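**Student:** I have a structure I would like to understand better, so I am pasting it below and will then ask my questions one at a time.
The values are calculated or read from the model by the stated rules, or taken from the named source; none is laboratory data. Bear in mind that the values here come from a model prediction, so they are computed numbers and not experimental data. Cβ atoms come from the backbone with ideal geometry, glycine included; neighbour counts cover every protein chain shown.
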Amino acid sequence: MSLFSRPKARWAVIGIGSLLLALTVAVVISPRFRNRANPKHWFRPKPPETLFDFKNAMLRAGNPGLKEIVITFDDGPHRESRDQILEALRRFHAKATFFEVGMRMEQNPDLLRKTIEEGHEIANHTMFHQTLPGLKPDTLHKGINEADIAYYRFTGKHLRLLRPPGMRFDKATLDEAKRLGYITVSYTTAAGDYGDHVDPKVVVDRTLQKTDNGGILLLHDYPATAQALPEILDTLTKQGYRFVTAEEMIQHLPPKERQEAFAFWNKSSEAAEAPRPSFLPIAVSEGKPKKS
């Protein structure tokens, strides 16, 4: 007698087949299920061997011996989410680093001021959120510098940290960032909290799954992230993590990496008193960056 001639076995095979079909349909049709199932968001990356890459002036991770993390928010400030993000950070006594887009700083100066007044760190995410690799030298230069100009108009201070949009960069990007005195900040944990149909619970799960000592969390100033943030902060607080800014993380690096980072900044300190574009002219034609 064959296996399929037995009623119980036949129904078991039909049941398993139906379940597999249902799962397949769910993955194809449901964005929420697809977000949960995508393996790239759950992979726990190996900690970088170099915490501070001196050659490229890049912070890759914090001190693994310290139970501290940096929470970073890209792409803002946005009216739909910034106040809610600030309220959650305030409730858990957490400081964060905001990689702000220059044009959005100009559009929402009140949100920028409020973020600064509450003790958070502001960093450069370019003027128009363009993808930087492949840009002409003058457009690349202006894309970074004009965000600094926007910040300087409000504060009289310069930005010292940069994250390229999408964390996409090439040698020209890193060389220009270094020339302008920036340390580029990478990340260890990306929640994938962007795009359509983002489930706040998925943002929570992805973030907590991949957070470890010295972690740099890449989040975005978006509504789903704002909804997810209280649970993220509550869980990490209960796990004993301390929330620091990116510059504080640099200050807490092991001695060699810390000395290299501050040696780089000290070498770039001649740009301290005026907007960078005025004293770092470029030997190419001027051009207005295009909006992405």
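**Student:** Given the criterion in contact (Cβ under 8 Å) with a residue 40 or more places away in the chain, hydroxyl-bearing (S, T, Y) and assigned to a helix (DSSP H, G or I), identify the matching residue among T237, T207.
**Tutor:** So the residue among T237, T207 that is in contact (Cβ under 8 Å) with a residue 40 or more places away in the chain, hydroxyl-bearing (S, T, Y) and assigned to a helix (DSSP H, G or I) is T237.
**Student:** Every residue in segment 75-88 that is in contact (Cβ under 8 Å) with a residue 12 or more places away in the chain and out of contact with any Gly (no Cβ under 9 Å at 6 or more places or on another chain), please.
**Tutor:** D75, G76, P77, H78, R79, E80, S81, D83, Q84, L86, A88, listed by residue number.
**Student:** For segment 177-185, check the following and say yes or no: at least one residue is within 24 Å of F52 (Cβ to Cβ), aliphatic (A, V, I, L, M) and surrounded by fewer than 17 Cβ atoms within 10 Å (Cβ to Cβ).
**Tutor:** No, segment 177-185 contains no residue that is within 24 Å of F52 (Cβ to Cβ), aliphatic (A, V, I, L, M) and surrounded by fewer than 17 Cβ atoms within 10 Å (Cβ to Cβ).
**Student:** Please go through segment 191-204 and pick out each residue that is surrounded by fewer than 21 Cβ atoms within 10 Å (Cβ to Cβ) and either assigned to a loop (DSSP other than H, G, I, E, B) or at pLDDT below 95 (or both).
**Tutor:** Of everything in segment 191-204, those that are surrounded by fewer than 21 Cβ atoms within 10 Å (Cβ to Cβ) and either assigned to a loop (DSSP other than H, G, I, E, B) or at pLDDT below 95 (or both) turn out to be G192, Y194, G195, D196, H197, D199.
**Student:** Is at least one residue of segment 82-97 over 20 Å from L233 (Cα atoms), assigned by TED's automatic domain parsing to the domain that holds D221 and either surrounded by 20 or more Cβ atoms within 10 Å (Cβ to Cβ) or among the acidic types (D, E) (or both)?
**Tutor:** no
**Student:** For M167, all conditions in the list (1) touching a residue at least 40 places away in the same chain (Cβ under 8 Å); (2) over 23 Å from G192 (Cβ atoms) hold save one; what is the number of the exception?
**Tutor:** Exception for M167: condition (2).
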